[in-house]
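Peer 1: Here it is: the structure, laid out below.
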2 protein chains.
Amino acid sequence: MKAVVHVFLKPGVLDVQGKAVESALNGLGFSAVSNVRVGRAITLDFAGDDVPAAKAEVATMCERLLANPVIESYRVEVET
Amino acid sequence: MKAVVHVFLKPGVLDVQGKAVESALNGLGFSAVSNVRVGRAITLDFAGDDVPAAKAEVATMCERLLANPVIESYRVEVET
């Protein structure tokens, strides 16, 4: 199975990297862009074929290592 | 419109961050995990409602700023 994890700063947390990218894009002439946020995407292969169990285990990985649950939110997708 | 850009190192390029995460996960007891790769996910709001044009413009942003096309590949999704 393949799992994809998206980790982003929570909405209320200032995303300085996103702000920097946004002003750089505006500086390059892409003025239609706003509200840029930069996060992490983590892909991993997972042995086994129990999708709900894999999803739960990847969520545990997020809580313990992949994300900082104080300031970041995560979304897990598992595909067979 | 909302655009999501995924930027990952190309398959042949060593992903040291992914390797570090993989060995940390294995160390935490998640032994079913392999082939971890860490990339960036960038979300942005885009003015206008022409999806193909937006997709093309975001691809240009990737070439010029968001990705390093020498070692990174990117995927653009645009949703209205």
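The values are calculated or read from the model by the stated rules, or taken from the named source; none is laboratory data. None of these values were measured; they are calculated from a predicted model. For neighbour counting, all protein chains shown are included, and Cβ atoms are generated from backbone atoms with ideal geometry for every residue, glycine included. Note: areas computed on protein heavy atoms with side chains; ligands, DNA, RNA excluded. Shrake-Rupley method; radii C 1.70, N 1.55, O 1.52, S 1.80 Å.
Peer 1: Against the condition open to solvent by 40 Å² or more (accessible area, probe 1.4 Å) and either more than 9 Å from chain A (Cβ to nearest Cβ) or in contact with a helix residue (DSSP H, G or I) (Cβ under 6 Å, 6 or more places away or on another chain) (or both), how does B:Glu72 come out, does it pass? Explain how you work it out, then say what you get.
Peer 2: Working: open to solvent by 40 Å² or more (accessible area, probe 1.4 Å): no; either more than 9 Å from chain A (Cβ to nearest Cβ) or in contact with a helix residue (DSSP H, G or I) (Cβ under 6 Å, 6 or more places away or on another chain) (or both): yes.
When the stated conditions are applied, B:Glu72 does not pass them.
Peer 1: Please enumerate the residues belonging to region A:11-30 that are within 21 Å of A:Glu72 (Cα to Cα) and either exposed (fewer than 12 other Cβ atoms within 10 Å of the Cβ) or at pLDDT below 95 (or both). Write out each step before concluding.
Peer 2: Within region A:11-30, the subset within 21 Å of A:Glu72 (Cα to Cα) is A:11-22.
Matches in region A:11-30: A:Pro11, A:Gly12, A:Leu14, A:Val16.
Peer 1: Sticking with this one: Of the residues A:Val4, A:Val33, A:Val58, A:Val38, which is in contact (Cβ under 8 Å) with a residue 12 or more places away in the chain and either open to solvent by 50 Å² or more (accessible area, probe 1.4 Å) or in contact with a helix residue (DSSP H, G or I) (Cβ under 7 Å, 6 or more places away or on another chain) (or both)? Quick ask: steps written out before the conclusion?
Peer 2: Values: A:Val4 fails: either open to solvent by 50 Å² or more (accessible area, probe 1.4 Å) or in contact with a helix residue (DSSP H, G or I) (Cβ under 7 Å, 6 or more places away or on another chain) (or both); A:Val33 fails: in contact (Cβ under 8 Å) with a residue 12 or more places away in the chain; A:Val58 fails: either open to solvent by 50 Å² or more (accessible area, probe 1.4 Å) or in contact with a helix residue (DSSP H, G or I) (Cβ under 7 Å, 6 or more places away or on another chain) (or both).
So the residue among A:Val4, A:Val33, A:Val58, A:Val38 that is in contact (Cβ under 8 Å) with a residue 12 or more places away in the chain and either open to solvent by 50 Å² or more (accessible area, probe 1.4 Å) or in contact with a helix residue (DSSP H, G or I) (Cβ under 7 Å, 6 or more places away or on another chain) (or both) is A:Val38.
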